[in-house]
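Asks: Take this structure, written in structure tokens, and hold onto it; I'll ask about it next.
The values are calculated or read from the model by the stated rules, or taken from the named source; none is laboratory data. Values in this document were obtained by computation on a predicted structure and should not be read as measured data. All Cβ positions, even for glycine, are placed from backbone atoms using ideal geometry, and neighbour counts span all protein chains on display. Keep in mind that these areas ignore ligands, DNA and RNA; they rest on the heavy atoms of the full protein, side chains included. Shrake-Rupley method; radii C 1.70, N 1.55, O 1.52, S 1.80 Å.
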Amino acid sequence: MSWSLFKKKSENELGTEIVGKEVVNQSVDNSSVEYAVEELFANPYVCNENFLQLFHSVPEVFFPIDYIASRIAGATFNLKKVKDDSIVWDNEKINKMFNKPNCLFSWKESVYSHFVYKLCLGDSFIRAVVPDVFQNSKSLWKMCSSYWVLPSDKMEIVPIRYNVPLFGVCEINEIVDYYNLNFGWGPNLHFNPHQIFHDREGIAALNSGRNFLRGTSRLKSQMKPISNLIAVYEARNVIYVKRGGLGWLVSAKKDDTGTIAMTPEEKKELLLEHNKTYGIGKGQFPFGVSNIPLEFLRTNLSIQELLPFEETLIDAISIAGAFGIPSELVPRKDRSTFDNQKTVEKNVYSSILIPWATDFCKGLTELLGLENDGLYIDCDFSHVDCLQEGKKEAEDVHTSISKRCREEFLSGIITLNDWRAQIGESKVEIPLYSKLIFEMSPDEIEKVKTMLNLTTKSVDGKLQKPSVQDEGK
């Protein structure tokens, strides 16, 4: 990507050749040359759509994408049972995925890459690698040994060539022939649609070509702010390295008629003396001495006059806003923070990060076919500092749930395992824990009384059998 402020026109367009800073006429009149110069200086810079390059090179683009991707990647991912939401700790296949999904990258790196691709380009692709004989299996997780986040900028979705049944009753493999990866290291790789989790942003493109079924990057709506940012950075760089004209040295000599201009000999002598004696080289001085009265007329603008930091902040807030990041979280030059910073960050987690992470887990669960085995992938952010403010409220809720479950257990409504499930604990594979209290033997009731620190009176009161009249009611 070129950050040049000026675009070079082709000879066919202007009939001119631009070499360095000169415009050389090639069989065109002066008006055409003037038009070329005017085009160069008047046309605004427009950034291209290489959004990955912008992510790597423009801080204001990097911030919101990294903010979201790094925090979602930092979540705790678990495998749970659909029946009671209890955590499954001993699933070797999924535990391996959460640790090292492939030979190169960790799970955290893979999740981070997934969301960077999705937020930059509008699409991310995850491949579950399984042998060809099992590629249409409904439980891929049992056959899969590696998971890869594919480079989205190298992916192409290739549709079925004839009679694509769009808007009809069909499966994905009746619309998509294969996913094509053109990575450049060898022949293109073709992947079965059943092996791919395609996470898309925005509205899918239904036109034919490379963009078929591709999403839309949020950065497309920010082309103008990004272009402004690049122009600001270029302008600041020009001033810092002192490129271009800074001003004019003019004669300050005067007589009764007004200012007296320097003669050509005086100009030549002044320049020679300046270049010879002024500078930081050997034998040169950091100041100049002239026998001609001079004045300096500045023609450029200073950084303070351009107000680049105000423009940068406005553009940064606009770009962050496209991803749902409030202005209070956008970094500022004075590193100032707001009193409600933690509240704002908590809101970002609840409205942006947690829903996106949950959707990611649902997509991965569907790809792997975990629900066919009564399982699903979930994420947990309870370790995040800004969410700890609600920990006391959560503990009060937990206590309230436990109290209600205790009453329901003693009333014979739920089992001990039902109680554990409602407070987020896993199932215990002991028969006692799956029995209602009325189904327990006297010895088992004694064990329960010991566990729950119950008195004989409290248990016996709950265990009174209903009368015939009560049963009839």
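Asks: How would VAL397, VAL116 rank on accessible area, largest to smallest, probe 1.4 Å?
Replies: Result, largest first: VAL397, VAL116.
Asks: Accessible surface of VAL448 in the full protein assembly, 1.4 angstrom probe, to the nearest 10 Å²?
Replies: 0 Å²
Asks: Which FRET efficiency value, to the nearest 0.05, do you get for ASP385 and THR358 by plugging their Cβ-Cβ distance into 1/(1 + (r/R0)^6) with R0 = 25 Å?
Replies: 0.75
Asks: Right, another one. What length, rounded to one decimal in nm, is gained on full extension from VAL133 through to TYR162, with 0.36 nm per residue of separation minus their alpha-carbon distance?
Replies: This chain segment gains 7.9 nm when fully extended.
Asks: Still on this structure, I have one more. Search the structure for amide H atoms under 5 Å from the amide H of TYR178, placed 1.01 Å from N in the peptide plane, and list their residues when 5 or more places away or on another chain.
Replies: VAL158
Asks: Can you tell me how much longer the chain between ASN211 and TYR433 gets when fully stretched, taken as 0.36 nm per residue apart minus their C-alpha distance, in nm with one decimal?
Replies: Full extension from ASN211 to TYR433 adds 74.4 nm.
Asks: Does the range 354-421 come out rounded, prolate or oblate, given a ≥ b ≥ c as the square roots of the eigenvalues of its C-alpha gyration tensor, rounded meaning a/c under 1.5 and, failing that, prolate meaning a/b above b/c?
Replies: oblate
Asks: Dipole of the range 142-300, Cα-centred, from +1 at each Lys and Arg C-beta and -1 at each Asp and Glu C-beta, to the nearest 20 debye?
Replies: That gives a dipole near 200 debye.
Asks: Further question: Over the range 365-409, with the other protein chains present, what is the accessible area per residue in square angstrom, probe 1.4 angstrom?
Replies: Counting only protein heavy atoms, the per-residue value for the range 365-409 is 60 Å².
Asks: Based on the alpha-carbon gyration tensor of the range 60-157 and its eigenvalue square roots a ≥ b ≥ c, which shape applies: rounded if a/c is under 1.5, prolate if not and a/b is larger than b/c, or oblate?
Replies: oblate
Asks: Protein chains only, probe 1.4 Å: how do SER227, SER137 rank by accessible area, largest first?
Replies: SER137, SER227
Asks: Further question: So if R0 is 30 Å, what FRET efficiency would SER400 and LYS96 give, r being the distance between their Cβ atoms, rounded to the nearest 0.05?
Replies: Calculated value: 0.20.
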